Amino acid sequence: MKLTLLADGFAAELAGESDTEKLMRDLAAELRPGDVVALSGDLGAGKTTFARALIRHLANNPDEEAPSPTFTLMQAYELPPFPLLHLDLYRVADPAELIELGFEDRDERAVVLMEWPERAGDLLPTDRFEIALQLAAHRGPDHRDARLVGHGAYAGRARRIGLIRDLMGRSGFAEARRSPLAGDASTRAYERLLRPGAAKPFDAVLMNAPRRPDGPPVKNGKPYSAIARLAEDVAPFVAMARGLHERGFSAPEVYAADLDNGLLILEDLGDGSVVAGAPPAPLAPCYMAAAEMLAALHGMDLPDTLPVASGIDHVIPPYDLDAMLIEVELLPAWYLTHAGIALPQAALDSFFAAWREVLTPLLDAPQTWVLRDFHSPNIVWLPEREGARKVGLLDFQDAVMGPAAYDVASLAQDARVDVPEAMEVALLGAYVASRRKTDPAFDAALFAQHYATMAAQRATKILGIFARLDRRDGKPQYLRHLPRIQDYLRRALAHPALAPLADWHAAHLPGILRR
């Protein structure tokens, strides 16, 4: 497929059925509920064939009947990702016919696939994808010229489809089939890429991570992401992946990168889970290996600057007091509202005073790479590898320079699965034992204090994040984790060094301490 990128999409020379299928799959990967796709072109250009292929692909059924709606005008489908309406307006003389068919009363989640869109008149939405197909018989009987553009709010999305196809073509993945992977709580999206003839069931992963837009200023003119030291683009991921890989850890190899547009093609580490059962429970050997992997990493002398590409460096930001405090602020900002609790300003002032008191000692702790989300969804078990390389690492773009205890707390108080208290203690013991092998002077008691502080800070942050995901982002599924996080917070607050925080919770959130 020969591609020409445009400001609002791309033009492509399709050299036969294979290229047409690639275009269809590229569009399918971007479609969201409520999208509108207009298919234009002369008779025989392949609009209905394209539409039928798209419906069968979304149905995950190559035998889906998908009849042409030439006479019925509109055909409805209930497909796994969303409902779909396929319209053929060739016989429509007046847009009012669409109103009679109930087009304006359609399910707002339905994707609309419309042939002969020019006959819809004012009923054609301003925001839409448009695919124009044209015969290119001078190149061959099955050749087409295609143009996929986005109108209105779809322009950037249409161009991104072209950028992804361009990167795949330039990096040896032009023939790869794409299949979506479950995402995380972020705006990033992932797809598996499988090239024909690949020797294993997984080949590579496409990471689609547009640059994070700055949110509104929340303090001192800065947005939350800047204060919390969150990555704004994929450069930190590339730097950390290569830094970890070079030091003998199983971070994905970066096969290809479009840094400007936030697109990466990465080594696929597979599906080796560190949890099992229903509900999922941690697999002790995997978690122990992960604790020992962290000990190996934290025992190294690690730089705060890493190369990204020629002439481009990434400075790993510090996990400073402002970053830690803006994260715990999520509890009063979101969790208290979720819990229906309103506190006077004096109580909030004492909350932050207590946190400053317990966090300040950590600023003098030895600084290391804090991967920041080191728990089961981001760890892959690789039993065929040796030593620390058995633990595959997926999520580290928000890495900071901070206390080693943070990632140990992320693992031993896994936000997504119940880690029994006995296992938590065993993980801490394994970590301390590994550290003492290389540093006999490692201070276990001081580390335990740092661990409790970081565990409490992380639990406090996550209570706020999961409440925010429900209230702001419409993702109530995260609320089921709240009791677990509350229990983790109770465990952490039992440490004597956290007495100021325990006293605050006893006065204002006693339910957490009573669990």
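Each reported figure results from applying straightforward, stated rules to the coordinates on display, with no laboratory input. Computed from a predicted structure; not experimentally measured. Cβ atoms come from the backbone with ideal geometry, glycine included; neighbour counts cover every protein chain shown.
Couple of notes before you dig in:
- More than 27 Å apart - percent of Cα-Cα pairs taken over the stretch 271-514: 36
- Across the stretch 224-349, the convex hull enclosing all Cα atoms gives 193 Å³ per residue.
- Between helix 235-246 and the chain: long-axis angle, C-alpha atoms, 0 to 90°, nearest 10: 60
- Pairwise FRET efficiency - Thr360 versus Leu382, Cβ, R0 = 45 Å, nearest 0.05: 0.70
- Simple spin-label estimate for Val425 and Ala137 in nanometres, 7 Å along Cα-Cβ: 8.3
- Residues in the stretch 288-303 carry Karplus couplings, in order, of 4, 4, 5, 4, 5, 4, 4, 4, 5, 5, 6, x, 8, 8, 10, x Hz; the curve used is 6.51 cos²θ - 1.76 cosθ + 1.60 with θ = phi - 60°, and Gly or Pro positions show x.
- Helix 444-471 and the longest principal axis of the C-alpha atoms of the chain enclose an angle of approximately 30°.
- Contact order normalised by residue count of the chain, Cα under 8 Å, 6+ apart, percent: 11
- Amide H within-cut-off set for Ser40, under 5 Å, with H built and near neighbours excluded: Ile131, Ala132, Leu133
- Pairs of Cα atoms in the chain fall into 10 Å distance bins, from 0 up to the last occupied one, in shares of 3, 17, 24, 22, 17, 11, 5, 1, 0 percent.
- Computed from backbone phi, the HN-Hα couplings of the stretch 10-17 come to 6, 10, 9, 9, 9, 9, x, 4 Hz, rounded to whole numbers (Karplus: 6.51 cos²θ - 1.76 cosθ + 1.60, θ = phi - 60°; Gly and Pro given as x).
- Extension reserve of the Ala347-Arg247 stretch, reckoned as 0.36 nm per residue once the Cα distance is removed: 31.4 nm
- Rounded to the nearest 10 degrees, the inclination of helix 345-359 to the longest alpha-carbon principal axis of the chain is 70 degrees.
- Zone residues, the stretch 122-163, relative to Leu6, backbone N less than 13 Å from point 7 Å out along Cα-to-Cβ: 129-134, 145-152, 155-156, 158-160, 162
- Summed side-chain charge close to Pro420 - residues other than Pro420 whose Cβ falls under 13 Å, Lys, Arg +1, Asp, Glu -1: -3
- Between Ala448 and Arg471, the modelled labels are 3.7 nm apart [label points 7 Å from Cα along Cα→Cβ].
- For the stretch 184-286, applying the loop criterion from DSSP together with a ceiling of 16 other beta carbons within 10 Å to the trypsin sites (Lys or Arg not before Pro) yields Arg211, Arg247.
- For the stretch 504-511, putting each phi into the Karplus relation 6.51 cos²θ - 1.76 cosθ + 1.60 with θ = phi - 60° gives couplings of 4, 5, 4, 7, 10, 10, x, x Hz, in residue order, rounded to whole numbers and with x for Gly and Pro.
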